[in-house]
Structures are given as C-alpha cells and as structure tokens.
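Chemist: I have a structure I would like to understand better, so I am pasting it below and will then ask my questions one at a time.
Just so you know, all these numbers are worked out from the coordinates, no wet-lab data involved. Computed from a prediction, not measured in an experiment: that's the story for all the values here. So basically every Cβ, Gly included, is an ideal-geometry build from the backbone, and we count neighbours across all protein chains shown.
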Amino acid sequence: LILQETTDKDRLAVQNVITMIAALNDESTEEEILEVREAYNALTETGKDLISKGTRELLEYYESRIKELIIIAQKEAAVVQDRINRITSGYTEAQIKNIRIAYNALSELAKTYVTNLQGLIDAENRTIYQDTVVKEAKLDANAFDVYMNDITRNSTTAQIAQARANYN
C-alpha cells in the first residue's frame, strides 16, 4: 500500500514537471527555468525515469539557451552602464536622452544587469531642474522687461527704485 502511494505521488509529481517543461518557451525567464529544474531535481529516481528523453532534452535546451541569453544581456548592459558612468555635468539634454533611449532599447533581461541606472535618473533630474531654472529666469527677465517698458525719464524715484529692485 505504501509503495502504491509513493508511485501515485511520483506520477503526480512527474506529470507536474512534464507540464512545467511543456510550458517553457523562448520568453521564459531564468527564474522560471530554474524552478522547473528544481522541480525535476526533486523527483525520485523512479520519477525521473518516467520523464521521456525528449522532454528532458527540452529542459536542457532552455537551460542552455537562457545561459546564452544571459551572456548577451550582460554584454549589452555593460555598454549602457559604461555610457551612464561617463555622464558628466557637461552632458547635454540630448546626450542624456540618447543614453535613456539606449537603456530603454535593452531587453528586460539586460536591464536587470544595469546596476547604475540611478546615475542616469540623477542626470535626467538635473536636466529637468536646469530647464526649470532657465524657464524661471526667462520669465523673471521677461517680467523685468515688461516693467522697464514703463520706465521713462519722467518716472518717479520710487518707480526707478522698484526697477532696480526687480533687476537685482
């Protein structure tokens, strides 16, 4: 009776692993593939023997494929990381946007290997802040110009003092 229960448990576990392997595809993540491998490794030797060679080979294919994809992703991420590391305060908004575009073009897997994304975000925030400061300065200068249009030789001392205060 115990042997029969064990066999039933093995068959259920085997069916589960077969289903998991069949669900793998080219979009499967490293974690998903590792989960399937762990489920396979958790099978008894009897259970492993119940899985066909073709099904095992399919699991091995996805394991080797994800390893290749990881190597490619790491190389792609390294290029973007290097570009982020080279950002200086002299970078223009266009240069920073170009780096963002390069980051966004990475695969989701490659993005996980970019460890210095915060440097890009900081550079983008500095650009936004600089744009805000420039716009504010332009508005202030425009307001000063509008006020100065009303100042003439006949303006009062108070009006001229106010113009000087606005200028400062």
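Chemist: Assign one of three labels to the stretch 1-70, namely rounded, prolate or oblate, based on the Cα gyration tensor with a ≥ b ≥ c the square roots of its eigenvalues; rounded applies when a/c is under 1.5, prolate when it is not and a/b is larger than b/c, and oblate otherwise. Present the calculation step by step, with values, prior to reporting the outcome.
Modeler: Details: a/c = 2.83, a/b = 2.52, b/c = 1.13.
Verdict is prolate for the stretch 1-70.
Chemist: On a full-extension model of 0.36 nm per residue, what is the gain between residue 91 and residue 68, subtracting their alpha-carbon distance, rounded to one decimal in nm? Working shown, then result.
Modeler: On the way: separation 23, 0.36 × 23 = 8.28 nm, distance 3.44 nm.
Between residue 91 and residue 68, full extension yields 4.8 nm more.
Chemist: Can you figure out the FRET efficiency of residue 136 with residue 115, using R₀ = 35 Å and their beta-carbon distance, to the nearest 0.05? Mind dumping the intermediate values first?
Modeler: Numbers: r = 35 Å, r/R0 = 0.99.
Rounded to the nearest 0.05, the efficiency is 0.50.
Chemist: Another question, then. Contour minus end-to-end for residue 23 and residue 57, with contour as 0.36 nm per residue of separation and end-to-end as the Cα-Cα distance?
Modeler: On the way: separation 34, 0.36 × 34 = 12.24 nm, distance 1.41 nm.
In short, 10.8 nm is gained.
Chemist: Here's something else I'd like to know. Could you please tell me the mean projected area of the C-alpha convex hull for the stretch 89-131, averaged over all directions and given in square nanometres to one decimal? Write out the running numbers ahead of the final one.
Modeler: Details: hull surface 11.9 nm².
Result: 3.0 nm².
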